[in-house]
Amino acid sequence: MAAAQPSGPLLEVADLSTHFETSRGLVRAVDGVSLTLDRGKTLGIVGESGSGKTVLSRSIMNLLPKRGVVRSGSVRLEGNEILPLSAKEMRRYWGAQMAMIFQDPMTSLNPVMKIGKQITEAVRQHLDVTRQYANELAESLLASVRIPEPHARLKEYPHQLSGGMRQRICIAIALACGPKLLFADEPTTALDVTVQAQVLDLIAHQQAERFMAMVLVTHDLGVVAGRADEIAVMYAGRIVEHAPTGVLFANMKMPYTEALLASIPKLDEHSHTRLATIPGRPPDLVIPPPGCKFAPRCRYVQERCVQEEPPLTAGAAPGHEFRCWFPVGTPEGNEALARNEREGRVPQAAALAGHA
Amino acid sequence: MRTELLRFIARRLVQLVIVLFVVSIFTFLLIRLLPGDPVQTIIPFAKGPQFAKERAQLRRDLGLNKSLLGQYWSYVIGLLQGHLGHQYSSGLPVSTLVDQSLPVSLQLMIYAQVISLVFAIPLGILAAYRAGTKTDSAINTSSFALLALPNFVLALFLSFLIGAKLHWLPTAGYAPGWLDQFFDGSQHMQLGQHLTDMILPSVTLAVGQIAVYMRLLRSDMIATLQENFITLAKAKGITNRRILWRHALRPSSLTMLTVAGLNVGTLIGGAIVVEVIYDLPGMGEKIFQAVESRSYVELQSYVVVIAVLFVVVNFLVDFLYAVLDPRIRRARTPA
């Protein structure tokens, strides 16, 4: 076992880029992302659809198809570089060291294989155990993800269970071999609202009990608010703001983060209040805009934003980084917003949306 | 789960009976719709009016004096008791001829299906896994080349090269196999000789099917490999071999199986050619002879046997669906 450096971070990602070769050109789905994650901690990755958060988690795990995908940079797990490893070499890590819970439990389980088998096959692959032991382990895993009558469930097929139950099965599969790192890719997006919190709490409980690190990918800032230690906000394949959760909510600097938070419906608003939205769409990742990628949709946008891309700069609080020339809540930012209001300047995307 | 499966089978059995009933009507009418009079075929009018008495006798023997419904009734009762009529030239009961020839053709078709599937499944999996690569196009091109080869050309080529030139395998003759004794108790199994005799005919019949099955499996498999559950299986760290064979094959094989079932018709057509060329005493050869000698009654019986075979095989395919995909067991199919 590689318990060699219990002191270093579990996961170190440096300058990771993932590009897809398409007929239109190179799609920069993930572009120069760096992050670290310590044992037992949770990193929330937040962004809207198409921001590259799912591709990022699959790039780290090396679960993308081989053809047409170019990855560069570095991914270290417990100090070992795993980015260049082949699928064959990655098999030692998949399931055993790092596991993933997928977005849609309705399609993530094999419809023609019994649930018990789907759990035990990974166990039998990674751990040298008897069939009987693997079955007992599967049963106790089902019990630990709070599935009633776990013994009977082992012999059932996925279509006999509800979506929430299936996601619990997926969680049991992910937990089966005791991974150190768990990726949860929008684990509750496809579920009924009533079971979303249950499933998230279950994941958090198991994470704490097993001292796993977790990367929780979501489009919903509300989901990561109480659960993540740190939050990375992604936009157009880049991290645009990264901070400990408390810092981020107290003192967000990036207008995109602010806009994401504003678009969450609030309970204390009157009913029928129009929901805040972010005008426009994420940029075309084949020909990204030259300056800040969010500039076309930003309320704070100035000349400089369109021409020059802001670097990831450190904020006042430790661990806080953001990409912005006119950060929220700073004199420059306030001035930029005031100037835009004075001159009646609206973001390009909002103007386009207005015309449409 | 078990009761679900049983209920599924029961539902399908009811359908099977209905289909067989329809088949019996059609084969019965088929012969009645043919131009000409069977009596006139057996005792031509050209022979002169002095045979009128014999003709009337024959008409009674054949039951043709009864009403159409009456004829159908005795026909169905006969079928249910296993009476298929008599071959007019020899006077032998057709059921005896079927007992002798059906197992030959059945075994030929089983071997052909097994051979083509044994080649098509791994090739289809490999082609899907390596879709778009040189391996994929090599598999496609070569299997299509084999598909384009007519089976009578292949039969002649194989019997010339392997049989006549190299003397590796016999090109004609037949020894009873494992199935013959169940139809005709007088046959004694000579498995070694049987298998040697059957290699060339089975391969000839199988070759054209490989491309068909391979292509169907390949395209379904490519779709299956895009599924989320395949990514999840990969994320579990199980081997590629296991992902392909245990996870992807089963849900990808339904179209291929459907066609394999329907292909029984094609195979019977192919068996006629193959049996004639390799001199096998099977149904194909019997049908060929019956067509040549216009033995309609005999032919009608073969049509019934083939139709029943076809329906039963496709019933088995339906049953296989339910075994392969548990979701189908629940589906309510309109009976």
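The values are calculated or read from the model by the stated rules, or taken from the named source; none is laboratory data. As the structure is a prediction and not an experimental result, all values here were calculated from the model. Here the Cβ positions follow ideal geometry from the backbone for every residue, glycine too, while neighbour counts run over all protein chains shown. In case anyone asks, the SASA skips ligands and DNA or RNA and just uses the protein heavy atoms, side chains included. Shrake-Rupley method; radii C 1.70, N 1.55, O 1.52, S 1.80 Å.
Quick look at the values:
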read-out: Enumeration of residues in the stretch A:128-149 that are polar (S, T, N, Q) and not in a loop (DSSP other than H, G, I, E, B); value: A:Gln132, A:Asn135, A:Ser140, A:Ser144
read-out: Residues (at pLDDT 85 or above and surrounded by fewer than 15 Cβ atoms within 10 Å (Cβ to Cβ)) located in the stretch B:169-178; value: B:Trp178
read-out: The stretch A:102-146, residues that are open to solvent by 10 Å² or more (accessible area, probe 1.4 Å), away from chain B (no Cβ under 14 Å) and of a type in the set (Val, Ile, Thr); value: A:Val129, A:Thr130
read-out: Those residues of the stretch B:181-235 which are free of Cβ contacts under 8 Å to residues at least 60 places away in the same chain, more than 14 Å from chain A (Cβ to nearest Cβ) and of a type in the set (A, V, I, L, M), in sequence order; value: B:Met189, B:Leu191, B:Leu195, B:Ile199
read-out: Only listed residue being open to solvent by less than 20 Å² (accessible area, probe 1.4 Å), within 14 Å of another protein chain (Cβ to nearest Cβ) and part of a helix (DSSP H, G or I), chosen from A:Ala172, A:Ala152, A:Ala184; value: A:Ala172
read-out: Residue in the stretch B:311-327 that is among the small types (Gly, Ala, Ser), open to solvent by 20 Å² or more (accessible area, probe 1.4 Å) and either touching a residue at least 60 places away in the same chain (Cβ under 8 Å) or assigned to a helix (DSSP H, G or I) (or both) present; value: no
read-out: Qualifying positions in the stretch A:202-225 - of a type in the set (Gly, Ala, Ser) and more than 17 Å from A:Ile171 (Cα to Cα); value: A:Gly222, A:Ala225
read-out: The stretch B:242-290, subset of a type in the set (D, E, K, R) and surrounded by fewer than 19 Cβ atoms within 10 Å (Cβ to Cβ), residue farthest from the other protein chains (Cβ to nearest Cβ); value: B:Asp279
read-out: Test: B:Thr239 is hydroxyl-bearing (Ser, Thr, Tyr) and within 14 Å of chain A (Cβ to nearest Cβ); value: yes
read-out: The lone exception for A:Tyr157 - which of (1) within 14 Å of chain B (Cβ to nearest Cβ); (2) within 20 Å of the chain's Cα centre (by Cα); (3) without any contact (Cβ under 8 Å) to a residue 60 or more places away in the chain it fails; value: (2)
read-out: Among the residues listed as A:Val55, A:Val27, the single one being in a helix (DSSP H, G or I), under 27 Å from A:Leu221 (Cβ atoms) and either touching a residue at least 60 places away in the same chain (Cβ under 8 Å) or in contact with a Phe, Trp or Tyr (Cβ under 9 Å, 6 or more places away or on another chain) (or both); value: A:Val55
read-out: Among the candidates B:Leu154, B:Leu117, residue that is part of a helix (DSSP H, G or I), assigned by TED's automatic domain parsing to the domain that holds B:Gly284 and either at pLDDT below 90 or loosely packed, with under 12 Cβ neighbours inside 10 Å (or both); value: B:Leu154
read-out: A:Gly164 assigned to a loop (DSSP other than H, G, I, E, B) and among the small types (Gly, Ala, Ser); value: no
read-out: From A:Ser72, A:Ser17, A:Ser34, residue being in a strand (DSSP E or B) and over 19 Å from A:Val240 (Cα atoms); value: A:Ser72
read-out: Single condition A:Ile60 does not satisfy, out of (1) open to solvent by less than 50 Å² (accessible area, probe 1.4 Å); (2) within 11 Å of chain B (Cβ to nearest Cβ); value: (2)
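For every residue, the table says whether it meets (1) under 16 Å from B:Glu298 (Cβ atoms); (2) surrounded by 12 or more Cβ atoms within 10 Å (Cβ to Cβ).
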| residue | (1), (2) |
| --- | --- |
| B:Phe8 | no, yes |
| B:Leu16 | no, yes |
| B:Leu30 | yes, yes |
| B:Gln50 | no, no |
| B:Asn65 | no, no |
| B:Tyr72 | no, yes |
| B:Val76 | no, yes |
